[in-house]
Amino acid sequence: MRVTVLVLLMLVTSCASATTPVVSGVFGSRPVIELPSQRPGGTPEISVLAEGTGPRTSPGDVVVTEVVIRGWSGDATHLNTYDAGRPLTVVFGRDGVPGIWERVLIGRRAGSRVMLVGPGRLAYGGAGAGQGDPLVLVFDILGGYPPDARLVGEELPKLAGPARSGTLIDGSGRQVGPGSTVVVQYVAIRRPGREVVASSRADGGPRAFVLKEGAVPSEWVEGLVGKRVGSRVAVTRGSVVTVIDIIDLV
């Protein structure tokens, strides 16, 4: 999926509320948020800052998004996925995801930047809650995917036979480069007992990672860079083998 992003952001308009933060920066980069002096009320406000041109997210999708959650006071950042190199996978109905996030993220086009302003209960997993401090949340929506997203014509990744490192299936999509953000399904097995130690599907659906040191294990960077979307790759770290399906490149 190649997303063409409209990078013109809504900064200041004549009708802007006195409680509306000003957000600058382009989609995919950490937003710069300037807060007004007046605090917002208790009713959440949703603003579309930039409209993407990619596929729309659908009900039932898990949504992969970058997000910054910032408190109104003290310049406190409660969540920042941009610097971590691990976009958030939002699985609705679990993990403390506030219900209003569905209004923010579902039905939007990939490539959209959306802002949510309101009370602390809007935060993911309770971050920032209980402080009596309003929050500003800025989302860059990377895409929506079915929980069981998979390679075309293939079962979800598994280890049915002897584990081996390397490319198990060659894809034909876009090529992954250093620093790329990939959307993957994966399962990790500890040998020799074949204990499942991690599974994206068991955790709700696809996950997204930036292929750089510190964001993912070095074996992932080495194993996935140069591969194409639609590939299945096995990487080994100690006694653990991880089978990874490259679902998308965003």
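Starting from the eigenvalues of the Cα gyration tensor, five times each then square-rooted, give me the equivalent ellipsoid semi-axes of the range 20-97, largest first, whole Å. Walk me through the numbers before you get to the answer.
Working: eigenvalues 104, 49, 45 Å².
In descending order, the three semi-axes are 23, 16, 15 Å.
Show the residues, 5+ positions off or on another chain, whose built amide H is closer than 5 Å to the amide H of Gly107.
Sorted by chain and number, the residues that satisfy this are Thr57, Ser58.
Could you tell me what percent of the accessible area of the range 202-250 is made up of carbon and sulfur, with a 1.4 Å probe and every protein chain present? If you can, show how the numbers build up before the last one.
Details: 800 of 1660 Å².
The C+S portion of the solvent-accessible surface of the range 202-250 is 48 percent.
Restricting things to Cα coordinates, could you compute the convex hull volume per residue of the chain in Å³? Could you put the intermediate results ahead of the total?
Values: hull volume 32.4 nm³, N = 250.
Spread over its residues, the Cα hull of the chain gives 130 Å³ apiece.
Could you please state how large a percent of the accessible area of the range 33-128 is carbon and sulfur, counting protein chains only and using a 1.4 Å probe?
Numbers: 1740 of 3920 Å².
Solvent-exposed carbon and sulfur of the range 33-128 make up 44 percent of the total.
What ranking do 103-114, 143-154 get when scored by the average of other Cβ atoms within 10 Å per residue, highest first? Before the final figure, lay out each step's value.
Values: 103-114: 22.0, 143-154: 16.8.
Peptide ranking by packing, descending: 103-114, 143-154.
What number, rounded to the nearest 500 deg cm²/dmol, is the helix-based mean residue ellipticity at 222 nm of the chain, given -39500 (n - 2.57) per DSSP H run of at least four residues and division by all its residues?
Details: 3 runs with 17 residues, N = 250.
Value at 222 nm, helices only, nearest 500: -1500 deg cm²/dmol.
Long-range amide H contacts for Val62: which residues qualify at under 5 Å (H placed 1.01 Å from N, peptide plane, sequence gap of 5 or more or a different chain)?
Tyr145
Below 11 angstrom from the Cβ of Gln175, what's the summed charge of the other residues (Lys, Arg +1; Asp, Glu -1)?
Details: positive: Arg174, Lys227, Arg228; negative: none.
Net charge in that neighbourhood comes out at +3.
Rounded, prolate or oblate: which fits the range 136-242, taking a ≥ b ≥ c as square roots of the Cα gyration tensor eigenvalues, rounded meaning a/c under 1.5, else prolate when a/b beats b/c? Show your work: numbers first, answer last.
On the way: a/c = 1.43, a/b = 1.37, b/c = 1.04.
Rounded, since a/c falls under 1.5.
Whenever you get a sec, line up Trp101, Trp220 from highest to lowest accessible area (probe 1.4 Å, protein heavy atoms). Display every interim value, and only then the final one.
On the way: Trp101 0, Trp220 25 Å².
Listed by decreasing accessible area, they come as Trp220, Trp101.
Relative to the present Cα-Cα distance, how much length would full extension add between Ala202 and Glu222 at 0.36 nm per residue of separation? If you can, show how the numbers build up before the last one.
Working: separation 20, 0.36 × 20 = 7.20 nm, distance 2.52 nm.
Taking 0.36 nm per residue and subtracting the Cα distance, the gain is 4.7 nm.
Report the charge-dipole magnitude of the range 118-250 in Debye, nearest 20, computed about the Cα centre from +1 at each Lys and Arg Cβ and -1 at each Asp and Glu Cβ.
Working: 15 positive and 13 negative charges, 71 e Å.
With Lys and Arg at +1 and Asp and Glu at -1, about 340 debye.
Heavy atoms only, probe 1.4 angstrom, no DNA, RNA or ligands counted: give me Tyr186, Tyr124 ranked by accessible area, highest first.
Numbers: Tyr186 35, Tyr124 60 Å².
My answer, sorted largest first, is Tyr124, Tyr186.
If Val221, Val63 are ordered by their accessible area, calculated over protein heavy atoms with a 1.4 Å probe, which sequence runs from highest to lowest?
On the way: Val221 35, Val63 0 Å².
Solvent-accessible surface, decreasing: Val221, Val63.
The values are calculated or read from the model by the stated rules, or taken from the named source; none is laboratory data. Everything numeric here is computed off the predicted structure, so don't read it as measured data. All Cβ positions, even for glycine, are placed from backbone atoms using ideal geometry, and neighbour counts span all protein chains on display. Just the protein is used for accessible areas: all its heavy atoms, side chains included, with ligands, DNA and RNA removed. Shrake-Rupley method; radii C 1.70, N 1.55, O 1.52, S 1.80 Å.
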